[in-house]
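Notes follow the structure.
The values are calculated or read from the model by the stated rules, or taken from the named source; none is laboratory data. Treat the numbers as computed from the prediction; the structure is a model and nothing was measured. Glycine gets a Cβ as well: all are built from the backbone with ideal geometry, and neighbour counts include every protein chain shown.
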Amino acid sequence: MNDFLRLITLQDANTRTVLLGTGSLGLAAGVIGALAVLRRRALVGDALAHAALPGVCVAFLVFRERSLPLFLLGALVFGVLGVLTMNAIRRFTRIKEDAAIAIVLGSFFGLGIMLSGMIQRLPSGNRAGLDSFLFGKAAGMVHADLLISAAACILALLGVAALYKELKLVGFDREFAGSLGWPVGFLDLTLMALLAIVTVVGLPAVGVVLMAALLIIPGVTAKFWTDRLAPHLALAGLFGMLSGLLGSALSAVLPSPNSSMSRGFPTGPLIVLVAGTLFVGSLLFAPRRGLVARWRTARLLQQHIDDEHLLRDLYELQEAGTPASLSTLAERRTWRTGSLHAALRRALTNADVTDRNAVITLTASGLTRAVRVIRSHRLWELYLHEHAGVAPDHVDRDADLIEHFITPNLLAKFEAQLALGDADPLRTGAALGVPLSLHPPGENAR
Amino acid sequence: MPRDAAIFALPFVGELFAYDLWVIATASLVGALCGVLGCYLLLRRLSMLGDAISHAILPGLAGAFLLSGSRSLAWMLLGAGVVGVLTGLLTAGLHRVAKIAEDASMGVVFTTLFALGVLLISFAARDVDLDPGCVLYGLLEFTPLDTVSLWGLELPRATASLAAAALVVAGVLAVMHKEIKLVAFDPALAAALGMRPTLVHFVMVALIAGVSVVSFESVGSILVVALLVTPAATAHLLTDRYARMMILAASIGALSGAGGYLLAKHIETWKVDGATLGTSTAGCVSVVCALMFLAAAAFSPRHGVLSRIARQLALKLRICREDILGMLYRAAELRSRGLSRSELTQGVGSTWLVDLALVLLRRRGLVLIQDATVRLTEQGHAEARQFVGTHRLWESFLTARLGLPPDHVHAATDRAEHFIAPDIRDKLAQDVRTTQPTESPLTDPHGRQIPGP
């Protein structure tokens, strides 16, 4: 408990460094990654993170010195080299983008492993802290690391702010941007360079694979909340930052799973799992675009359709002079299990129908609603028959689908158009203005 | 297996022992297996799925270990197979249900699963040597130390399980060859023909997950990623046929396995700061693989970058040679003297191209160069007649048959003349003959005589 208090009040300088470092990293990765996802380059970050490894090795072999800035410089050079190789493979050979990404990833990383194997056997070097580039050691962040990741974060955000309009257009419609005369290739490379900077800075903290996660997941998560780019980027940055903060906070609080580890849970995986949880949460529960919201919308629509079908069936039974009961209603169409009962219950609650001795009759308000549906149905049938020349026995199914979506305006237009035709095309006569059915009486509406 | 007898010796590498040959055999098997399966991924444009699966099976491995408490291959295969197929299903599901781009949904799924795997391993790590480093790099050079005996034979365990995997893969490919081929190229057509593309796809995904597990122990996950894509891509640059592509990819994979080991052996002979150097064999294998891809990208007869440039250069040179012959012929018609190099350059194009073309023409004895003047030889004159004849026949044809005005035909003919074959030329001559008075020699629309063959 004491630990927890110290954590949330940021009293521990070490924890503060780690939290701020991973938080700023998550923010930058979220924003840049969202743009990469938009550009359909989600996995380039993954390849870039792998491609940076030989750079670290080369930096060590050349300078024979274990210094983070030199490592990062080497990683950046090879990361950019990787992106250029990818572009060259795609541009000059018949190999497609996905394979180009995978080839660069595998080849560069293999080269890195080969070099790091050589470094390991050097008299002067024991992997030179290279392993931390593979798996990340967020918990080992020091003040200098924090400064570097904060600087990268600010650089990335400034870059995006300065080129916002351009990156937006290139992201949504590359060809259009090109036709407007914008340097599309240069803008793409700028985005990739920003991606490389953020990736490389993040490597020592969260490692190769988990860096890819931090780039991709927040951007995809934000898609469930908005359709507009600016809020999308802001949300992606927020989700990335939250993942970084919560992940490192959790790793500081949770007890270590095994005694051989000096402190807590491994931070990198926790950060990614927080991001993954945010993703699953948004996938399920985001308003409008989440799966639950979409399922609810679909369900409400289905209920509405069921209600209208019930009312129309009741009207048509009444028209034919047959008393409506549960069994006669069930015969009229294929109801999904339980949906007829549910629709009937809703109609009773609404006082659209009454149920006397198992005979179901429309009330006045039910009749009004039923008339609206039946008018939509029959006018559409008539319209198809008169103006599109569809045979009467082919119009019912179509009308069954569309009757729920015809607006009053459209209905009035149908009426006006049909009334101009022959003498009594609507064959109304009925006080309610319901046209007679196209189908001979006695024929089942289905 | 003791390092007793040298089997044979190679330059740069030194003597190879039975031990080395086992490593080479193991590496080649991994290469061949991944190469064959990678062709499918490449054609489906799902190359990164190899990367995704090989990372995502980590929680499968850790989970299987935590549940069963054993590191036996059967449990590992089961865990990895389940999670591998799950990765494919989740990726496809997110793509379809949540409308996320396929690569992004792949990225979300495999990174999250990998993070889960790392966490699970850190629970398991208390009492097992299942460390991420080993999973990443693999220990190819130590595979012969861990042996099993089968039917009285002492075999390295990794080699034996890879051979078994190779049999399974070969069996599945043989039985489902037609289905796999069709699904790789056109899943919609496969579905229309009553095959089940999704089922075929997941059979392939399961095979890839299985091969990844078997390969893991020897070569590590990254090498699997490299070998799943690079040999297939290399083969794709060399051939257009699926069966040939698989055979080539398998050979390339096997070759890079062997080559990588030899490279690693060679690096071991280097000395830096007085100490011998060493390296990771798995890393060397993917580097050799990448070099083979580069070579194919440059020199592949049909799809290579350099071959394409060479083809274009050869065409340019032929056009330049023919243009020079034409110019010299027309000059001879007018003034019966040759042309200087600068006059030729003005008419034909860049200096170096003209120089090169002249060297070739002189070597064939078609032109003479005297006092800085280029002149046609007898033989050159005969060849130029042919060429100028074709030019003028085409002009006549365009005017007489297509009704083009005479002052519009020259530019069009200047391009077409290089691509008119002798048999078409003869037909042209017959046709132009019927449009002109029979007794007089043939003339072009500008009134010049058309030289016969």
Which number in (1) buried (at least 19 other Cβ atoms within 10 Å of the Cβ); (2) closer than 28 Å to residue A:67 by Cβ; (3) away from chain B (no Cβ under 13 Å) marks the one condition that residue A:206 misses? (3)
Counted residues, region B:153-207 - those being closer than 20 Å to residue B:53 by Cα and among the aromatic types (Phe, Trp, Tyr): 1
If you check residue B:420 against the conditions, is it among the β-branched types (Val, Ile, Thr), out of contact with any Ser or Thr (no Cβ under 8 Å at 6 or more places or on another chain), surrounded by 13 or more Cβ atoms within 10 Å (Cβ to Cβ) and outside the structural domain of residue B:334 (by TED's automatic domain parsing)? no
I need a count of the residues in region B:119-155 that are more than 28 Å from residue B:284 (Cβ to Cβ), at the interface with chain A (Cβ under 10 Å from one of its Cβ atoms) and modelled with pLDDT of 70 or more. 4
Got a sec? Which of B:29, B:77 is touching a Leu at 6+ places or on another chain (Cβ under 9 Å) and away from chain A (no Cβ under 12 Å)? B:29
So which of A:95, A:89, A:101 is at pLDDT 90 or above, assigned to a loop (DSSP other than H, G, I, E, B) and within 23 Å of residue B:48 (Cα to Cα)? A:95
Return the only residue of A:56, A:44, A:62 being out of contact with any Asp or Glu (no Cβ under 8 Å at 6 or more places or on another chain), more than 7 Å from chain B (Cβ to nearest Cβ) and surrounded by fewer than 23 Cβ atoms within 10 Å (Cβ to Cβ). A:62
If we ask which residues in region A:169-200 are over 21 Å from residue A:86 (Cα atoms), assigned to a helix (DSSP H, G or I) and at pLDDT 90 or above, their number turns out to be 4
Could you say whether any residue in region B:394-417 is buried (at least 17 other Cβ atoms within 10 Å of the Cβ), over 17 Å from residue B:331 (Cα atoms), in contact with a helix residue (DSSP H, G or I) (Cβ under 6 Å, 6 or more places away or on another chain) and touching a residue at least 60 places away in the same chain (Cβ under 8 Å)? yes
So which of B:160, B:170, B:165 is at pLDDT 75 or above, more than 11 Å from chain A (Cβ to nearest Cβ), under 21 Å from residue B:285 (Cα atoms) and surrounded by fewer than 20 Cβ atoms within 10 Å (Cβ to Cβ)? B:160
Hey, does region B:75-82 have a residue that's in contact (Cβ under 8 Å) with a residue 24 or more places away in the chain, buried (at least 24 other Cβ atoms within 10 Å of the Cβ) and either touching a Phe, Trp or Tyr at 6+ places or on another chain (Cβ under 7 Å) or of a type in the set (D, E, K, R) (or both)? no
Out of A:311, A:270, A:250, I need the residue that is crowded, with 18+ Cβ neighbours inside 10 Å, in the same structural domain as residue A:18 (by TED's automatic domain parsing) and of a type outside the set (S, T, N, Q). Which one? A:270
Looking at region B:398-440, which of its residues are among the β-branched types (Val, Ile, Thr), within 47 Å of the chain's Cα centre (by Cα) and part of a loop (DSSP other than H, G, I, E, B)? B:420
Filter result for the condition that a residue is crowded, with 19+ Cβ neighbours inside 10 Å, at pLDDT 90 or above, away from chain B (no Cβ under 14 Å) and outside any loop (DSSP other than H, G, I, E, B), over A:30, A:74: A:74
Condition first: of a type in the set (Asp, Glu), under 24 Å from residue B:420 (Cα atoms) and touching a helix residue (DSSP H, G or I) at 6+ places or on another chain (Cβ under 8 Å). Can you find one or more residues in region B:319-339 that meet it? yes
Being modelled with pLDDT of 85 or more and hydroxyl-bearing (Ser, Thr, Tyr) narrows B:396, B:440 down to just B:396
Which condition does residue A:227 not pass, out of (1) in a loop (DSSP other than H, G, I, E, B); (2) within 10 Å of chain B (Cβ to nearest Cβ), if it passes all the others? (2)
Does residue A:217 satisfy the criteria of being at pLDDT 90 or above, within 14 Å of chain B (Cβ to nearest Cβ) and in a helix (DSSP H, G or I)? yes
How many of the residues in region B:272-323 are facing chain A (nearest Cβ under 10 Å), surrounded by fewer than 21 Cβ atoms within 10 Å (Cβ to Cβ) and either of a type in the set (Lys, Arg) or over 27 Å from the mean Cα position of the chain (by Cα) (or both)? 9
Hey, residue A:110 hits all of (1) in contact with a Ser or Thr (Cβ under 9 Å, 6 or more places away or on another chain); (2) within 24 Å of residue B:95 (Cα to Cα); (3) surrounded by 24 or more Cβ atoms within 10 Å (Cβ to Cβ) but one; which does it fall short on? (2)
Here is a list: B:343, B:383, B:395. Which entry is acidic (Asp, Glu), under 18 Å from residue B:446 (Cβ atoms) and in a helix (DSSP H, G or I)? B:395
Tell me, yes or no, whether region B:256-271 has at least one residue that is surrounded by fewer than 17 Cβ atoms within 10 Å (Cβ to Cβ) and either within 8 Å of chain A (Cβ to nearest Cβ) or assigned to a strand (DSSP E or B) (or both). yes
Please indicate, with yes or no, whether at least one residue in region B:214-231 is part of a helix (DSSP H, G or I) and on the phi > 0 side of the Ramachandran plot. yes
Evaluate region B:219-230: report whether one residue or more is over 30 Å from residue B:15 (Cβ atoms) and small (Gly, Ala, Ser). yes
Criterion first (part of a helix (DSSP H, G or I) and over 28 Å from the mean Cα position of the chain (by Cα)) does residue B:64 satisfy it? yes
Among A:59, A:29, A:100, A:88, which is the only one that is within 30 Å of residue A:250 (Cα to Cα) and of a type in the set (Gly, Ala, Ser)? A:29
Does residue A:109 satisfy the criteria of being facing another protein chain (nearest Cβ under 7 Å) and in contact (Cβ under 8 Å) with a residue 24 or more places away in the chain? yes
